[in-house]
Amino acid sequence: QVQLVESGGGLVQPGGSLRLSCAASTSAFSLYAMGWYRQAPGKQRDLVASITSSGSTYYADSVKGRFTISRDNAKETVYLQMNSLKPEDTAIYYCTATMGIQSYWGQGTQVTVSS
């Protein structure tokens with residue numbers, strides 16, 4: 001069982017930045033593919049960004065050029081740096097850890113972009 005704890009969410013004005021963190025409770029962290037999903041009210045949960053165990057990244061078109069995913073295997077933590085935030089980025093952001101067919105989810109952190 002892997003526990004994931006997200007932090008760093010909050011209220012930010014349009015154009016601002018936030019950095020989300022997700023701490024994992026596993027010494028095998030480096031073997032997991034990590035991802036960030038988000039879910040806005042009334043909408044489905046969508047993949048925002050992911051990073052493989054070897055460091056390859058993926059970004060949804062809506063966040064390319066604005067968000068950056070990274071990982072620190074020594075700290076067993078994955079990050080999501082979010083710049084140039086827009087109101088449409090408002091959502092609950094969830095961290096995931098995947099190895100094979102097994103996936104784990106965090107409890108989510110709220111990001112609100114509003115003036």
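The values are calculated or read from the model by the stated rules, or taken from the named source; none is laboratory data. Just so it is clear, the model here is predicted, and its values are computed rather than measured. Here the Cβ positions follow ideal geometry from the backbone for every residue, glycine too, while neighbour counts run over all protein chains shown. Just the protein is used for accessible areas: all its heavy atoms, side chains included, with ligands, DNA and RNA removed. Shrake-Rupley method; radii C 1.70, N 1.55, O 1.52, S 1.80 Å.
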For this session: Sum up the charges of everything whose Cβ sits under 14 Å from the Cβ of SER115, counting Lys and Arg as +1 and Asp and Glu as -1, but leave SER115 out.
Result: -1
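Counting pairs of alpha carbon atoms under 8 Å apart in space and at least six apart in sequence, what relative contact order in percent does the chain give? All intermediate terms of the calculation are to be shown ahead of the outcome.
Working: 276 pairs, mean separation 42.5, N = 115.
Reported as a whole number, the value is 37 percent.
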For this session: For LYS43, go through the aspartates and glutamates and keep the ones whose alpha-carbon is under 18 Å away, minus same-chain ones fewer than eight residues off.
Result: ASP61, GLU88, ASP89
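Within a Cβ distance under 14 Å of GLY55, other residues only, what is the Lys/Arg minus Asp/Glu net charge? Mind dumping the intermediate values first?
Working: positive: ARG71; negative: ASP72.
Surrounding charge for GLY55 is 0.
Assigning unit charges at the beta carbon (Lys, Arg +1; Asp, Glu -1) and nothing else, what dipole magnitude in debye, to the nearest 20, does the range 1-67 show about its Cα centre? Walk me through the numbers before you get to the answer.
Numbers: 6 positive and 3 negative charges, 28 e Å.
Dipole magnitude for the range 1-67 comes out near 140 debye.
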Exercise. Based on the Kirkwood radius over alpha-carbon pairs, what value in µm²/s does the Stokes-Einstein equation return for the translational diffusion coefficient of the range 9-63 at 20 °C and 1.002 mPa s?
Worked result: 161 µm²/s
For this session: Using a 1.4 angstrom probe, figure out how much accessible area the range 60-115 has per residue, in square angstrom, rounded to the nearest whole.
Result: 50 Å²
Seminar exercise, completed: Looking only at aspartates and glutamates whose Cα falls under 20 Å of LYS75's and that sit 8 or more positions away or on another chain, we get GLU6
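State the extension gain, in nm to one decimal, for the chain segment bounded by ASN73 and LEU31, taking 0.36 nm per residue of separation less the distance between their alpha-carbons.
On the way: separation 42, 0.36 × 42 = 15.12 nm, distance 0.92 nm.
Length gained, ASN73 through LEU31: 14.2 nm.
Treating only the Cβ of Lys, Arg, Asp and Glu as charged (+1, +1, -1, -1), what charge dipole size does the chain show about its Cα centre? Round to the nearest 20 debye. Spell out each step's value before the answer.
Values: 9 positive and 7 negative charges, 22 e Å.
For the chain, the charge dipole is close to 100 debye.
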Exercise. What full-extension length gain, to one decimal in nm, is calculated for ARG45 and ILE101 as 0.36 nm per residue of separation minus the Cα-Cα distance?
Worked result: 18.3 nm
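Quantify, in whole percent, the carbon and sulfur part of the accessible surface of the chain (1.4 Å probe; protein heavy atoms only).
Values: 2880 of 6020 Å².
It is 48 percent, rounded to a whole number.
Would you mind getting the Kirkwood hydrodynamic radius of the range 21-105 from its Cα pairs, rounded to one decimal in Å?
On the way: mean 1/r = 0.0759 Å⁻¹.
Over the range 21-105, the inverse of the mean reciprocal pair distance is 13.2 Å.
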Exercise. Using a cut-off of 17 Å between alpha-carbon atoms, which lysines can reach LYS64, once sequence neighbours fewer than 8 places away in the same chain are excluded?
Worked result: LYS86
Exercise. Given CYS95, GLY35, LEU11, which one lies farthest toward the positive end of the charge dipole of the chain, if we put +1 on the Cβ of every Lys and Arg and -1 on the Cβ of every Asp and Glu?
Worked result: LEU11
